[in-house]
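Below is one structure, written out as C-alpha cells; the observations come after it.
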C-alpha cells in the first residue's frame, strides 16, 4: 500500500480553517447553519484521513468503537426534545472530556512501559502535558456527568452540601496534583510503584470533578456547563501535545473551544453578578436574608381578566424562565403572542442571559416555537422599555425578575435583573406559591401592580389563548 | 516533544489560537449562545482523531481497552455535538422565514 500519510497534515490544516470559518459564520443567525455544516464536513474528512496514520493497528476495534459511539451520539441527539438540550450538551461535553482523559491514560501507560517504571524518560514534556490534560479532562468528564444527572432529574438538582466539604474538595485536588507530579517525575525514592499512583491519579481527578459539581444547583448550570466546555477544550489541546509530533489540529481546536467556553463562562457569571469562585464554592441559596419583612400580599387573578387586560393593552412584554421550559409551554406562548400581534398589540420577549439552564436556553425554545429572533430582546435592550409597558407576562421566571436584587443585604443583591416591576401591570404565571431556585422570597409577587395566575404554564397559556379568541 | 523548539512552536500556535478564538467568538450574538456552546462542543470532538491514534498505537490489552472507550466517547461527542448544533440552528433558520410568524 502506498503511503498516503503525507495527506494528513494538509487535511488537518484545512479542517482548522473550516472550524474557524464555521465559528465566524455563527456571528449571524442567517449564516450560522452553513458554518456548522462546513465544520462538520471538515471533521468527517479529518476523521477519515486519520486512518492513514502510519503504524496504526487495532483498526477493526477502532471502526467498531466509532460505529457504537457515533450511533449513540446520533440517535440520542436526534431524539432529544429541545427542552432537554442542556443535559444533552452537558453529556456530550463530558464524553469529550472522558475521551481526552482516555488519551492521557494511554499516553502515560505507554510512557511508563517505555521507562519500565524507572526515571529514564520521566520528566518529559509529553508526560507533563498528558498529566495536565488528564486532570482537566477527568474533572470535566465527572463534573459534566453530574451536571447531566442533575439536569435530567436523575439526581436532586439542589446543591448537595455537608460540613467539611470545601476541605475535602481541596484535599482531593491537592492529592490529585501530587499524584500527577509523581506520575511525571517517577522519583526513585518514592516507595510506591507507578502502577499504584497512575490509577490513583485518575481516580482522584474524577473524584474532584464529582465533588466539585455536587454543591452546584440547577440555576447555576449555565455557568457550569460553559465552564466544563472550556475545560474539555483545554484538555483536548493539552492532549494534542502528548503525541509526537504534536497533533496541532487538536491543539488549535481545543484552544479555540477553551477561549469560547471561558468567554461564555465569564459572561454568564457576570449576568448573575457572581464570581466563578462564588458559583463553585458559594453553594448558593444556603444563606437566607434575615430581618426583612415583605409588605403586601400575593393577589391571584383569573384567566378571563388577564385575557381582557392583554387584549386591550398597547404593549406587552413576555419574560420567560425555566418554568416555561419545564412546562413545555413555548408553543402556546407563541400562539398567544401571535393572537395579540394580530390584534395590534406590540409584543416583545425579554430574555435574561441566565434564564433557564444553559446560555441562550430561552432563545432556543422560542426559536423552536417559531418566534422571529427580532422579537427577542436582551436584558439591556428591554429594560428601558418596561416603564412604557402595559402588561408584563412573567412565565416561569423567578430569580431573574426578583427586585430584591436591588436591595442591599439580599443574597441576590447586585444581580442585573429584568426590571419588570416598572411596568403598569405584572402577571406572573406560576405553578404554586413556592420560591425560586435561590430559595429567596420574591418581592415582585407582593407588589401592588402584580397579580398571580396559578397553574401549569402550558395549560394556562392555552386557556389564555382560548379566552382571547372569544373576545 | 523533547525538542525545545517544538515546545516553543506550540506556545506560539496556542497563543494565536487563543486570540483567534476570542475575536471570533466575541462577535457571536447573545441569541446564538446555545449553538455557540454546542458548536464548540462539536469542535472539541476533534478529540476523536487523537483517540483513534491512541487506540491505533496501543499495545497492551489495558491500553487497547482504554483507547477503545476513548474512541467511543470521542465519536459520540462528535456526532452528538454536530446533530444538536445543526438541529438548533435549523430552528433559527426556520423562525426567520416570513409568513411563519404572525407577530408584527
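Taken together, the values in this text are just the output of simple stated rules run on the coordinates, not laboratory data. Values in this document were obtained by computation on a predicted structure and should not be read as measured data. Here the Cβ positions follow ideal geometry from the backbone for every residue, glycine too, while neighbour counts run over all protein chains shown.
Can you give me the Rg/Rh ratio for the range A:169-258, using Cα atoms for both radii and the Kirkwood formula for Rh?
Taking Rh as the inverse mean 1/r over Cα pairs, Rg/Rh reads 1.06.
Can you report the principal axis dimensions of the range A:350-403 using only the alpha carbons, biggest first, rounded to whole angstrom?
Largest first, the range A:350-403 extends 29, 23, 18 Å along its Cα principal axes.
Determine the gain in length on full extension of the stretch residue A:44-residue A:295; use 0.36 nm per residue of separation and subtract their C-alpha separation, reporting nm with one decimal.
Answer, rounded to one decimal: 84.3 nm.
Counting only other chains, and only Cβ atoms inside 10 Å, what mean value do you get across the residues of A:58-68?
6
Give me the inter-chain shielding for A:78-88: mean count of other chain Cβ atoms within 10 Å, whole number please.
Taking all residues of A:78-88 together, the mean is 3.
Mind checking the angle between helix B:61-96 and chain B's longest principal axis? C-alpha axes, 0 to 90 degrees, to the nearest 10.
Relative to chain B, helix B:61-96 is tipped by roughly 20 degrees.
What percentages, rounded to whole numbers, describe P(r) for the range A:323-458 computed over all alpha carbon pairs with 10 Å bin width beginning at zero?
Binned Cα distances yield the sequence 12, 45, 38, 6, 0.
Given 0.36 nm per residue, what is the gain on full extension from residue A:67 to residue A:311 after removing their alpha carbon distance, in nm?
82.4 nm
Please report, to one decimal in angstroms, the Kirkwood hydrodynamic radius of the range A:183-342 built from all distinct Cα-Cα pairs.
Its Kirkwood hydrodynamic radius stands at 21.2 Å.
Considering every residue in B:60-69, what mean count of other chain Cβ atoms within 10 Å of its Cβ is obtained?
Mean partner-chain Cβ count within 10 Å for B:60-69: 6.
Highest first, please rank the peptides A:178-185, A:140-147, A:101-108 by the mean number of other Cβ atoms sitting within 10 Å of their residues.
A:101-108, A:140-147, A:178-185
Please give the helix B:33-43 orientation as an angle from the longest Cα principal axis of chain B, in degrees from 0 to 90, rounded to the nearest 10.
30 degrees
May I ask for the Rg/Rh ratio of the range A:123-186, computed from Cα atoms with Rh as the Kirkwood radius, given to two decimals?
Taking Rg over the Kirkwood Rh, I get 1.11.
Size of the range A:78-192 along its principal axes in angstrom, Cα-based, largest extent first?
So the extents along the principal axes, rounded to whole Å, are 53, 40, 18.
Quick one: Cα convex hull volume of chain B, Å³ per residue?
Taking the convex hull of the Cα positions in chain B, it is 117 Å³ per residue.
For chain A, what is the mean residue ellipticity at 222 nm derived from helices alone (per DSSP H run of n ≥ 4: -39500 (n - 2.57); sum divided by total residues; nearest 500 deg cm²/dmol)?
Helix contribution divided over all residues of chain A: -19000 deg cm²/dmol.
Hey, with R₀ at 60 Å, roughly what FRET efficiency would residue A:84 and residue B:5 work out to, going by the Cβ-Cβ distance, to 0.05?
Efficiency for this residue pair is about 0.80.
Given contacts defined as C-alpha pairs under 8 Å and at least six residues apart, what's the relative contact order of chain A, whole-number percent?
Once normalised by length, the contact order is 14 percent.
Could you tell me the center-to-center distance, by alpha carbons, between the range A:23-70 and the range A:357-410 in angstrom?
Computed from Cα coordinates, the inter-centre distance equals 37 Å.
Once R0 is set to 45 Å, what does the formula 1/(1 + (r/R0)^6) return for the Cβ-Cβ distance between residue A:190 and residue A:275, expressed as a FRET efficiency to the nearest 0.05?
The computed FRET efficiency comes out at 0.75.
In nm, to one decimal, how far is the residue A:381 label point from the residue A:17 one, both placed 7 Å along Cα→Cβ?
Result: 3.5 nm between the two label points.
Roughly what % of Cα-Cα distances in chain A sit above 30 Å, to the whole percent?
When every Cα pair of chain A is considered, 53 percent fall beyond 30 Å.
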